[in-house]
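Student: Questions regarding the structure given below will be posed in turn.
Just so you know, all these numbers are worked out from the coordinates, no wet-lab data involved. Note that the structure is a prediction, hence the values are computed from the model and not measured. Every residue, glycine among them, receives a Cβ derived from its backbone with ideal geometry; neighbour counts consider all protein chains shown.
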Protein chains: 2
Amino acid sequence: MLVYYLRSMARIKIDKNSSRKEVIVTKAAALFREKGFKAASMRDLAEAVGVEAASLYNHIKSKTELLHELCFGVANRFMHKMDEVETEKISAIEKVEELIRFHIDEMVHHYEEVYVSDREWKHLADPYLSNFQNQRRMYRKRFAAIIEAGIKNKEIKNIDAPTAVLILLHAIGGIESWHRSTQKISAEALTQNMITILVGGLKNK
Amino acid sequence: MLVYYLRSMARIKIDKNSSRKEVIVTKAAALFREKGFKAASMRDLAEAVGVEAASLYNHIKSKTELLHELCFGVANRFMHKMDEVETEKISAIEKVEELIRFHIDEMVHHYEEVYVSDREWKHLADPYLSNFQNQRRMYRKRFAAIIEAGIKNKEIKNIDAPTAVLILLHAIGGIESWHRSTQKISAEALTQNMITILVGGLKNK
DNA sequence: TTTCTTTGCTAACACATGTTAGTATATTAT
DNA sequence: ATAATATACTAACATGTGTTAGCAAAGAAA
């Protein structure tokens, strides 16, 4: 009878594609997205992972390291996409649409990471904080340059390009609400609606 | 000589329009916006106000009360605006434009409060948390209903109204980046750009 | 001017947090 | 099967947090 209360030592559940660290980073993304970085404790995270808080330190250096991995992982993906798009031989409005589609796809399929990267970066430790801020600024400048090219060749309305970038990026951030909805349209329909409104709002008729 | 190091007891600076509590709430908005609710400490806030942390409790009940005042203050303002707009005898697209202008104005002139209300509500204590979430949901439903009316009478493109609402609200949230910019266009130009893109993206041509 | 009220300060409290050190347990390598 | 390595646990640490209690100082009222 007493034997039923004896429990073996916990183990972080991994599969052949993930290391223990990757499992922890993934759980951290969900937790940080839900509670915010500062409000999420290592004891919360340990519980989500299925071990005690102290055990996490066998696999990670610090709580901040988790945030760093999330933020810079996302930043790198976005930068690579921008590198690609910039070199493509297509019109400016097509480039904008391709980037919008990429952003939507990231928000739909990698929601937790993208959300955390977008909302919690201010808790990064320097010098990574400044570095990250510079990367964000650079990304936006490059996006604005694409829009400027479109304005120049009359594809896009004559608007302030940095304003257009902030509108697009934040509008796509609204997918957060889509994730939160119980009754919602499909991801494909969502994408179509967003393209209709956002690209439609940019196009010069 | 020694007299120079003797300092009188601090006093919260107030003017004839503000109580001590109002000063504290205003400083709290700025601090919570900058650092996030959880990362902002009462000692940080006390420093911003110019007294010791313990003194704040002569004027407020708790840290959470500050967040509550900010969130519900903003929510009430937005609800009143919606009450007004719903009863106006104007077209649906005009109503949408009026609401967008109101939102932009709030984000430009009451940035800290609106930002905190939009980003930090998850740290509200229950039952206020659920109450606030319901109010947000209600507001969005009412906004979507205006857009549905516009879709029905062909002013607005045939799109998913809740998606349109999330796009509009989050796009306006992008004014955060405008506040952060060192070189930026005027608030009037910003407003015009946003109307051009957002209303332009909704209008059925 | 004196008395009463309000406000600010110091010290302390009760917890919470991220993390370390050492031991126990489980897994992997030989 | 045994030894070596990796991982999980317990206990503790150092620090930080929101807040309370009581006294000191300042302001308002009489």
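Student: For region A:95-137, just run the numbers: alpha carbon Rg, then divide by 2.2 N^0.38 Å, N being how many residues it has.
Tutor: Numbers: Rg = 12.3 Å, N = 43, 2.2 N^0.38 = 9.2 Å.
Scaled against compact globular proteins, the figure is 1.34.
Student: Then there is this: Starting from a Cα-only point model with no solvent, please compute log10 I(q)/I(0) by Debye for region B:19-143 at q = 0.15, 0.20, 0.22 1/Å.
Tutor: -0.72, -1.09, -1.24
Student: Enumerate by residue number the trypsin sites (Lys or Arg not before Pro) in region A:78-163 meeting two conditions: DSSP loop (anything except H, G, I, E, B), and at most 14 other Cβ atoms within 10 Å of the site's Cβ. Display every interim value, and only then the final one.
Tutor: Numbers: sites: A:LYS81, A:LYS89, A:LYS95, A:ARG101, A:ARG119, A:LYS122, A:ARG136, A:ARG137, A:ARG140, A:LYS141, A:ARG142, A:LYS152, A:LYS154, A:LYS157; in loops: A:LYS89, A:LYS154, A:LYS157.
For trypsin sites (Lys or Arg not before Pro) across region A:78-163 that sit outside H, G, I, E and B with at most 14 neighbouring Cβ atoms in 10 Å, the list reads A:LYS89, A:LYS154.
Student: While we're looking at this one, here's another question. What list do you get for B:SER18, B:SER117 if you sort them by fewest beta carbons within 10 Å? It would help to have the intermediate numbers written out before the result.
Tutor: On the way: B:SER18 14, B:SER117 25.
In increasing order of surrounding Cβ atoms, one gets B:SER18, B:SER117.
Student: Based on the Cα coordinates of the protein assembly as shown, what is the per residue volume of their convex hull in Å³? Show your work: numbers first, answer last.
Tutor: Details: hull volume 93.9 nm³, N = 410.
Output value, Cα hull per residue: 229 Å³.
Student: Let me ask something else about it. Please give the charge dipole size of region B:10-58, origin at the Cα centre, charges +1 on K and R Cβ atoms and -1 on D and E Cβ atoms. Round to the nearest 20 debye. Walk me through the intermediate numbers first.
Tutor: Working: 10 positive and 6 negative charges, 19 e Å.
Its charge dipole is roughly 100 debye.
Student: What nm distance separates the two modelled labels at B:ASN134 and B:ILE195, each placed 7 Å from Cα along Cα→Cβ?
Tutor: 3.6
Student: If you take the charge dipole of chain A about its Cα centre, with +1 on Lys and Arg Cβ and -1 on Asp and Glu Cβ, which of A:VAL108, A:HIS170, A:ALA149 is farthest toward its positive end?
Tutor: A:HIS170
Student: What are the distances, in nm and sorted shortest first, from the label point of B:GLU84 to the label points of the same position in each other copy, with each label point placed 7 Å from Cα along the Cα-to-Cβ direction?
Tutor: Ordered by increasing distance: 4.7 nm.
Student: Moving on. Mind pulling the angle between the C-alpha long axis of helix B:92-109 and the longest principal axis of chain B? Nearest 10 degrees, somewhere in 0 to 90.
Tutor: The angle comes out at about 20 degrees.
Student: Continuing with this model, one more query. Where nothing but the Cβ of Lys and Arg (+1) and of Asp and Glu (-1) is charged, how large is the charge dipole of the protein assembly as shown around its Cα centre, in debye to the nearest 20?
Tutor: Details: 64 positive and 54 negative charges, 84 e Å.
I would put it at about 400 debye.
Student: Turning to a different aspect of this structure: Please give me, ordered by residue number, the GluC sites (Glu not before Pro) of region A:1-94 that lie in loop per DSSP and have at most 12 other Cβ atoms within 10 Å.
Tutor: Details: sites: A:GLU22, A:GLU34, A:GLU47, A:GLU52, A:GLU65, A:GLU69, A:GLU84, A:GLU86, A:GLU88, A:GLU94; in loops: A:GLU52, A:GLU88.
The qualifying sites are A:GLU88.
Student: Any idea what Rg and Dmax come out to for region A:82-205 if you just take the C-alpha atoms, in Å?
Tutor: According to the Cα coordinates of region A:82-205, Rg and Dmax are 15.2, 46 Å.
Student: Given charges of +1 on the Cβ of Lys and Arg and -1 on the Cβ of Asp and Glu, with all other atoms neutral, how large is the dipole of chain A about its Cα centre, in debye to the nearest 20? If you can, show how the numbers build up before the last one.
Tutor: Working: 32 positive and 27 negative charges, 57 e Å.
Magnitude of the dipole: close to 280 debye.
Student: Also, quick follow-up: Report, for B:SER130, each distance to the same residue's label point in the other copies, shortest first and in nm; define the point 7 Å along Cα→Cβ.
Tutor: From this label point to the equivalent ones elsewhere in the assembly: 4.8 nm.
Student: Could you check the simple spin-label distance between B:ALA54 and B:HIS110, using points 7 Å along Cα→Cβ, in nm with one decimal?
Tutor: Result: 3.6 nm between the two label points.
Student: Within 10 Å of each candidate Cβ there may be at most 15 other Cβ atoms; applying that plus a DSSP loop requirement, which chymotrypsin sites (Phe, Trp or Tyr not before Pro) in region B:119-194 survive? Don't skip to the answer; put the middle values down first.
Tutor: Values: sites: B:TRP121, B:TYR128, B:PHE132, B:TYR139, B:PHE143, B:TRP178; in loops: none.
Filter output for region B:119-194: empty list.
Student: Counting other beta carbons within 10 Å of each Cβ, put B:MET9, A:MET82 in order, fewest first. Could the numbers behind the result be given before it?
Tutor: Working: B:MET9 7, A:MET82 18.
Exposure proxy ranking, most exposed first: B:MET9, A:MET82.
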